[in-house]
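Peer 1: Have a look at the structure that comes next, please.
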Amino acid sequence: MPLLAVLCLILSAQAPAQEPPADILKRVADNGSRFEQERARYTYRQSFDFYEFDKRGTPSGSYREVRDINFTSGGERTEEFIKGPANQLKLIRMTDEDFSDLRGIQPFVLTNDTLWRYKATYRGRETIDGRECFVYRIEPRQVLEGQRMLDGQLWVEVDTLQVIRAVGRPLPQHHSTTDANLFASFATQYAPVDGEFWFPVRTFADDYLPFPSGAQRVQYEIKFENYRRFSAETTINFGEAEPAAPQD
């Protein structure tokens, strides 16, 4: 089943449930702010594999890049292309918003700076990989010019009050009768790193985008790997990056 259909079922099927303490989301945002500061001290490798499909469902084009997020000896944060960018897309094009989302929406973090921008509705509790979670539907209160936002759902681990799964669609979507700039629904998984914070480790999307010329299937995978806390003595050796193959 396409990710968009799964997302719609998730968002519509769950009935409102008795809410947890009122300050839960504020505490989640406090943890998110601390995590955002901590993640900025880590090096990691980010790979991005994007595929478009023709009307027969066969991959017809791709985009691939691999970046190492690192630091100079003076502590300045840098990004270096290790592979690509290799753009072989034929039916659609990557936009500035796609690359902005790659940095700020797919690895979603709810912080004290962003909490007030979202309306959150408690949907109940679910167990994800053996961990009990609060589930929240979130949607932007308003999308201002130049902002990128998430319309979707968060799973917040009960014990740590950290996001361990995020599902949704980036906003705004730009529709037009002649052209459009549309973005696929995605799911991001998080995993504990260094025993305290949950870091984004994988984003996957498989969706149909309703362009004026017809629905276009796209699929992508983002991997965030080899997290290492930076120190002046850190030596980084990430090794070779293997491309992800499109999935049926």
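Any read-out appearing in this document is the output of simple, stated calculations on the displayed coordinates, not a laboratory observation. Source: prediction; values computed, not measured. Note that each Cβ is placed from the backbone with ideal geometry, even for glycine, and that neighbours are counted across all protein chains shown.
Peer 1: Between THR78 and GLU126, 0.36 nm times their residue separation minus their Cα-Cα distance comes to what?
Peer 2: Length difference between fully extended and current span is 13.4 nm.
Peer 1: Right, something else. GNM on the chain, C-alpha springs below 10 Å: top fluctuator among ARG228, ARG41, ARG56?
Peer 2: Most flexible of the set in this elastic network: ARG56.
Peer 1: Another question, if that's okay. Taking 0.36 nm per intervening residue step and subtracting the Cα-Cα distance, what contour gain separates PHE211 from VAL143 on full extension?
Peer 2: Working it through step by step, the gained length comes to 22.3 nm.
Peer 1: For LYS119, go through the lysines and keep the ones whose alpha-carbon is under 25 Å away, minus same-chain ones fewer than eight residues off.
Peer 2: LYS26
Peer 1: What does the charge count near GLN88 come to, summing +1 for each Lys or Arg and -1 for each Asp or Glu among other residues with Cβ under 11 Å from its Cβ?
Peer 2: Counting the neighbours of GLN88, the net charge comes to +1.
Peer 1: Determine which lysines satisfy two conditions relative to LYS55: a Cα distance under 21 Å, and not lying fewer than 8 residues away in the same chain.
Peer 2: Partners found: LYS90.
Peer 1: When a/c reaches 1.5 or more, the comparison of a/b and b/c decides; with that in mind, is the stretch 153-205 rounded, prolate or oblate per its Cα gyration tensor?
Peer 2: Since a/c reaches 1.5 and a/b is larger than b/c, the shape of the stretch 153-205 is classed as prolate.
Peer 1: Let me ask you something else. For the chain, just say rounded, prolate or oblate: build the C-alpha gyration tensor, square-root its eigenvalues into a ≥ b ≥ c, call rounded for a/c under 1.5, and beyond that prolate if a/b exceeds b/c, oblate if not.
Peer 2: oblate
Peer 1: Would you work out the relative contact order for the stretch 38-189, in percent, from Cα pairs under 8 angstrom that are 6 or more residues apart?
Peer 2: Value for the stretch 38-189: 13 percent.
Peer 1: Can you give the local net charge around THR111? Use residues other than it whose beta-carbon is closer than 14 angstrom to its beta-carbon, Lys and Arg +1, Asp and Glu -1.
Peer 2: After counting each charged neighbour, the total is +1.
Peer 1: With a ≥ b ≥ c the root eigenvalues of the C-alpha gyration tensor of the stretch 70-202, is it rounded (a/c under 1.5), prolate (a/b larger than b/c) or oblate?
Peer 2: Note, shape of the stretch 70-202 comes out oblate.
Peer 1: Once you have the Cα-Cα distance between PHE99 and TRP116, take 0.36 nm times their residue separation minus that, and quote the gain in nm to one decimal.
Peer 2: Here the segment from PHE99 to TRP116 would lengthen by 3.7 nm.
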